[in-house]
Amino acid sequence: MSRLLQVVQRGAAERVAELEHCELCGAPIEPDHRHLLELATRDLKCACRACALLFDRPAASEGRYRLVGDRRLRVDDLELDDAMWEQLRLPVDMAFFFHASPEERVVAYYPGPMGPTESQLDRSAWGDLEAANPVLETLVPDVEALLVNRSLGARRHWIVPIEDCYALVGLIRTRWRGFTGGREVWEEIGRFFDGLDRRSRPASRDDGRRS
């Protein structure tokens, strides 16, 4: 079982107590709280405001944790045509990409009924995609991802916190039925992306500039 699948399988029922308290200091937290990513396990930790502020400084965790941000960009003009998608070697029409610091490379995962599956990403193809889309060079390693939805004829792209990708994986894993998934899961997927649109802002030229 992959490590990322183990992370996603931590269902809501198993995390009720943790969701009520910061997983670092034990303080009570609000439902709308920040998360920290533990780099070694790719596990998300619920964080109170004080711990989130503390670990906003990379030196505070000695490289163990990264604070997950809240930037959500809808990248309507991403240059990613069918030929380029083929070069990325994705066997399905939905995937997310992020810079994995421990592996020192960009990785690609796609969600499915068995959980997240890593795809053997063609590095040169990713380099071409990044060169054509400077906004991808601004992805914060480990905690931000490019999320692509090309299913059912869609051509949609977002830059999202990694927790959004985990949420999509969990949705598909728990709602998928039969060979094609069933109507319910596709309705839920549609609502997921509609909600993501509402929480996102359109990417601008400034978003493609490194700070």
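Nothing in this text is a laboratory measurement; each read-out follows from the coordinates by a stated rule. In this text, all values refer to a predicted model and were calculated from it rather than measured experimentally. We place every Cβ from the backbone using ideal geometry, glycine too, and count neighbours over all the protein chains shown.
If I build a Gaussian network model for the chain, linking alpha-carbon pairs within less than 10 angstrom, which residue out of Gly153, Gly69, Gly190 has the largest mean-square fluctuation? It is Gly153. Between the alpha-carbon centres of region 82-103 and region 126-179 there is a gap of 9 Å. Here are labelled values, (i) 1.03; (ii) 0.92; (iii) 0.95, and one is the computed Rg/Rh (Cα atoms, Kirkwood Rh) for what I pasted. Which one? Checking each listed value against the structure points to (iii). In region 73-208, a dipole from Cβ-located charges (positive for Lys and Arg, negative for Asp and Glu) runs towards its positive end, and of Leu139, Ile159, Ala125 it is Ile159 whose Cα lies farthest in that direction. Each Cα pair under 8 Å and six or more residues apart adds its separation to the average, and for region 64-211 the resulting relative contact order is 31 percent. Dipole magnitude for the chain: about 300 debye, using +1 per Lys or Arg Cβ and -1 per Asp or Glu Cβ, origin at the Cα centre. Taking +1 at the Cβ of each Lys and Arg and -1 at the Cβ of each Asp and Glu, which of Ala203, Gly63, Leu53 sits farthest along the dipole of the chain towards its positive end, judged by Cα position relative to the Cα centre? Going by the Cα projections, it comes out as Leu53.
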